Amino acid sequence: MALLTTSLSTTGDRRARLTRDAIGVLVIAAFALVGYFLFPNNLALLTRITAIALLVLSLDLVTGYCGVATLGHAALFGAGAYGAGIAAAHFGITDPIAMLAVGIVSGAIAGLISGVVVLRAHGLPQLVLSIAIIHLAHEAANKASGWTGGSDGLAGIMPDAVFGLWQFDLWGRTAYVFGIVLLIVAFVILRQIVRSPFGMLCRGIRQDPVRVRAMGASVHGTLIKMYAISGAVAGAGGALNAISTQVVGLDSLSFTLSAEALVMLVLGGTGSLYGALIGTITFMWFEDVVSAANPFHWLTIVGALLIAVVLFAPKGLYGSVAAYFERRGRKGR
Amino acid sequence: MSAIFDVRNLRKMFGGLAVTNDVSLSMAPGDRVALIGPNGAGKTTFVNLVTGNILPNSGTVTLGGEDVTRLGPTQRVRRGLVRSFQVTRLFSEMTPEEHVSLAILQREGRSGKMFASHRAMPGVMDEAHALLAKLGIAQLAGHRVSEIAYGQQRLLELALALALKPKVLLLDEPAAGVPQSDTARIEQAIADLPADLAVLMIEHDMDLVFRFAKRVIVLAAGEIIFDGSPDAVTKDARVRQAYLGSYADARSVA
Ligand SMILES: Nc1ncnc2c1ncn2[C@@H]1O[C@H](COP(=O)(O)OP(=O)(O)OP(=O)(O)O)[C@@H](O)[C@H]1O
Ligand SMILES: [Mg+2]
């Protein structure tokens, strides 16, 4: 009897989770559709938001789930962007799926390398190492101008039609749909990974690494794996940016982008993936609207928003709402 | 009798203080050993040393004939040397079900799986729930650890160690902080352990010690001052001295 109820509640539970993820996917798709019809002349911005959302999701994996503090995560994004861009501009790999694959692999390798370096330290020294990484990567890309175009940016990226069917158009429609499909696929895979045994292990490491070791699990090995996965996701975002804008600039490998990604994650809330998406959309939309309305003081206004969130909703926009409903749900029980 | 767990001449200095001073100890499969001693005697430090949580200044630790002195804590756990913590160490945002499932999956070498869910593994779930039921916390399986009482967290701490199915089990005061009404569950869970498992339990409650142990080791100021039967320990002059001495110290401080 006990066994029966266990397995029954197991399937019920599973269905509830799958339903929630299906709703998540539908919400992303609905948002994407609304964006498409509301801002048909602004698809380039929406595609950029999608690419950055991949970067922030990727940051959530190491910061939100594993508790690794980093201000150098754009290195993984930039590696994907330059990887895909160089493949197209120098090696004639112009199939968008192949470019994406190159971006993902470049990002994963950059993730492995950053992971090996950053995970040598903890706390503040860790943060400093991550900053060193992004500055080194930025400088390396700047110096290797034969490959990267240096400060002029890497041009001459001409992706083919997707599956030979959909040409990248002037209005950015193909790029937008390409990006949204990529984001949804990444989101579904990541939702699965974070609730797998591996994902539990990562959450455990953030909460108490000593306990994880006492269970016989390898803390360092697990974190390195997560860093590589995170790199693959950020690399996909970078590749999307290269494919959609057809240039790669040094800004994709900058400290500013790394810091902004962290701000977006904190704004939305860490450790849920949903928060990463909401933080990215809110921040970038806000930035766009406010900078158009008031080009002189928009940074001040963004700063005020951030202070308000950190003070009044320290778990971030999604995290605070989720916590509120969880509390209400428990009272109702 | 061949030893499964053998510690030779272990020594650890903190500053100028020898917290573990030339400690040697050997256990065979099936042993039930109680490690007792006044507060600050170095009992927890001994566990930290042999499990690899801190490094000794000198001495060796052998597990099943293999020298593990240079191995990290993870490797020792994988070879069957498992401990529990005196002050509970749990994942505050995770549920008991998740804790125990993770430990079971780790034992089976499946904790790195990315495209699976423990909830979809009936074998793991049933074992986890059976273990939680045995310790009387099955009804809390789905609650966050941060929401459950400390005494129940102590029971989960023990459940985690048991879920790893160790060969050598070191329990650091498993009953400390557990309400009197629940200590029987802990005793029962320990009594039900496989007969060939070697268990060392640190405990202050002498009733528990006498019911559990076939052998008692007394540690005082980092040194083993007694190793023998439970009957003999109360009559031993050095042991009385160590305990009385510590009480005398306590009084002079107060
Ligand atoms: N990391 C450390 N650095 C310095 N001194 C330490 C450290 N850890 C423990 N000690 C000291 O070592 C001595 C032994 O501590 P330990 O925790 O092993 O005692 P114990 O026998 O477990 O005591 P209790 O019964 O109170 O748990 C104490 O004097 C303690 O202050
Ligand atoms: Mg102790």
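Computed from the coordinates by the stated procedures, all read-outs in this text should not be read as laboratory data. This structure is a prediction, so every number in the text was calculated from the model and none was measured. Positions of Cβ are backbone-derived with ideal geometry, glycine not excepted, and every protein chain shown enters the neighbour counts.
Any idea what diffusion coefficient the stretch B:89-165 gets from Stokes-Einstein, in µm²/s, Kirkwood Rh on alpha carbon pairs, 37 °C, 0.692 mPa s?
268 µm²/s
Once the Cβ-Cβ distance between B:LYS165 and A:ALA322 is put in as r, and R0 is 30 Å, what FRET efficiency do you end up with, to the nearest 0.05?
0.25
Taking a temperature of 25 °C and a viscosity of 0.890 mPa s, what whole-number D in µm²/s does Stokes-Einstein yield for the stretch A:130-255 with Rh from Kirkwood over alpha carbon pairs?
The diffusion coefficient I find is 141 µm²/s.
List the chymotrypsin sites (Phe, Trp or Tyr not before Pro) in the stretch A:268-311 that DSSP assigns to loop (not H, G, I, E or B) and whose Cβ has at most 10 other Cβ atoms within 10 Å. Which are they?
Those that pass, being in a loop and sparsely packed, are A:PHE296.
Counting other C-beta atoms within 10 Å, and keeping those with at most 10, which DSSP coil trypsin sites (Lys or Arg not before Pro) do you find in the stretch B:10-75?
Listed in order of number, the matching sites are B:ARG70.
Would you mind telling me which residue in A:LEU190, A:LEU33, A:LEU43 has the biggest mean-square fluctuation in a Gaussian network model of chain A, where springs connect alpha carbons within a distance under 10 angstrom?
Of A:LEU190, A:LEU33, A:LEU43, the Gaussian network model singles out A:LEU33 as fluctuating most.
Tell me which residues come under 5 Å, amide H to amide H, from B:ARG83 once H is placed; ignore anything under 5 positions away on its chain.
When sequence neighbours closer than 5 places are left aside, the close amide H contacts are B:LEU170.
Can you find, among B:ALA189, B:LEU155, B:ILE224, the residue sitting farthest towards the positive end of the charge dipole of chain B, where Lys and Arg contribute +1 and Asp and Glu -1 at Cβ?
Selected residue: B:ILE224.
Given the DSSP H assignment, sum -39500 (n - 2.57) over each helix run of at least 4 residues in chain B and divide by its residue total; what's the result at 222 nm in deg cm²/dmol, nearest 500?
The per-residue figure over chain B is -11000 deg cm²/dmol.
Taking Rh as the Kirkwood radius computed over C-alpha pairs, what is the Stokes-Einstein D of the stretch B:1-105 at 25 °C in a medium of viscosity 0.890 mPa s, expressed in µm² per second?
Rounded, D is 161 µm²/s.
Give the long-range amide H neighbours of B:ALA220: residues separated by 5 or more places, or on another chain, with amide H under 5 Å away, using H modelled in the peptide plane at 1.01 Å from N.
Close amide H contacts, sequence-distant or interchain: B:ILE225.
Principal axis extents for the stretch B:74-233, Cα atoms only, whole Å, descending order, please.
Largest to smallest, the principal-axis extents are 55, 33, 28 Å.
Go through B:ALA213, A:ALA89, A:LEU277 and say which Cα lies farthest out towards the positive end of the charge dipole of the protein assembly as shown; charges sit on Cβ, +1 for Lys and Arg, -1 for Asp and Glu.
B:ALA213
Tell me, which longest segment in chain B has none of the GluC sites (Glu not before Pro) that fall in DSSP loops with at most 15 further Cβ atoms within 10 Å?
B:109-254
Shielding of B:118-124 by partners, i.e. mean partner chain Cβ atoms within 10 Å per residue?
Per residue, the number of nearby Cβ atoms from other chains is 4 on average.
With only Lys, Arg, Asp and Glu charged, each at its Cβ (+1 for the first two, -1 for the last two), find how big the charge dipole of the stretch A:2-254 is about the Cα centre; round to the nearest 20 debye.
960 debye
With springs only between Cα atoms under 10 Å apart, run a GNM on chain A and tell me which of A:ALA232, A:ALA84, A:ALA323 wobbles the most.
A:ALA323
What is the gain in length, in nm to one decimal, between A:ARG20 and A:ILE131 on full extension, counting 0.36 nm per residue of separation less the C-alpha to C-alpha distance?
36.3 nm
Work from the charge dipole of chain A (Cβ charges, +1 for Lys and Arg, -1 for Asp and Glu, about the Cα centre) and give the residue of A:ALA293, A:VAL62, A:LEU201 farthest towards its positive end.
With unit charges placed on the Cβ atoms, the residue in question is A:LEU201.
Dividing the Cα convex hull volume of the protein assembly as shown by residue count, how many Å³ per residue is that?
Normalising the Cα hull of the protein assembly as shown by residue number yields 200 Å³.
Tabulate in residue order the Karplus-calculated ³J(HN,Hα) for the stretch A:197-206, using 6.51 cos²θ - 1.76 cosθ + 1.60 with θ = phi - 60°, rounded to whole Hz; enter x for Gly and Pro.
Going residue by residue, I get x, 4, x, 4, 4, 4, 4, x, 4, 5 Hz, with x marking Gly and Pro.
In nanometres, what is the gap between the two model label sites at B:ASP205 and B:ALA133, each 7 Å from Cα along Cα-to-Cβ?
2.5 nm
Hey, what do the phi angles of the stretch B:132-147 turn into as Karplus ³J(HN,Hα) couplings, whole Hz, using 6.51/-1.76/1.60 and θ = phi - 60°, x for Gly and Pro?
5, 5, 4, 8, x, 10, 4, 5, 9, 3, x, 8, 5, 4, 5, 9
Among A:TYR227, A:TYR82, A:TYR318, determine the one that fluctuates most according to a GNM of chain A built with springs between C-alpha atoms less than 10 Å apart.
Among A:TYR227, A:TYR82, A:TYR318, the largest GNM mean-square fluctuation belongs to A:TYR318.
Just need the relative contact order of the stretch B:89-165 here, percent rounded to a whole number, with Cα pairs under 8 Å and 6+ apart.
For the stretch B:89-165, the relative contact order is 47 percent.
Report the percentage of all Cα-Cα pairs in chain A whose separation exceeds 25 Å, rounded to a whole percent.
Percent of Cα pairs beyond 25 Å in chain A: 53.
I need the calculated FRET efficiency for the pair B:GLU147 and B:ARG215, taking r as the beta carbon distance and R₀ as 41 Å, to the nearest 0.05.
The calculated FRET efficiency here is 0.55.
Determine the dipole magnitude for chain B: charges of +1 sit on the beta-carbon of Lys and Arg, -1 on that of Asp and Glu, nothing else is charged, the reference point is the Cα centre, and the result goes in debye to the nearest 20.
Once rounded to the nearest 20, the dipole reads 460 debye.
Just tell me which lysines come within less than 24 Å, Cα to Cα, of B:LYS165; anything on the same chain fewer than 8 places away is out.
B:LYS43, B:LYS113, B:LYS134, B:LYS214
Magnitude of the Cβ-charge dipole of the protein assembly as shown, K/R +1 and D/E -1, about the Cα centre, nearest 20 debye?
So the dipole magnitude of the protein assembly as shown works out to roughly 860 debye.
If you count, for each residue, the other Cβ atoms within 10 Å and average over each peptide, how do B:227-237, A:113-123 line up from highest to lowest?
Peptide ranking by packing, descending: A:113-123, B:227-237.
Provide the per-residue ³J(HN,Hα) series for the stretch A:282-289, in order, calculated from phi with Karplus coefficients 6.51, -1.76, 1.60 and θ = phi - 60°, each as a whole number of Hz, with x at glycine and proline positions.
Karplus-based 3J(HN,Hα) across the stretch A:282-289 equals 4, 4, 6, 5, 4, 4, 5, 5 Hz.
Extension gain A:ALA29-A:ALA98, at 0.36 nm per residue separation less the Cα-Cα distance, in nm?
Here the answer is 22.4 nm.
Scan around B:SER26 for amide H atoms under 5 Å from its own, H built in the peptide plane at 1.01 Å from N, and keep only partners 5 or more places away or cross-chain.
Under 5 Å from the amide H of B:SER26 lie the amide H atoms of B:VAL7, each far enough along the sequence or on another chain.
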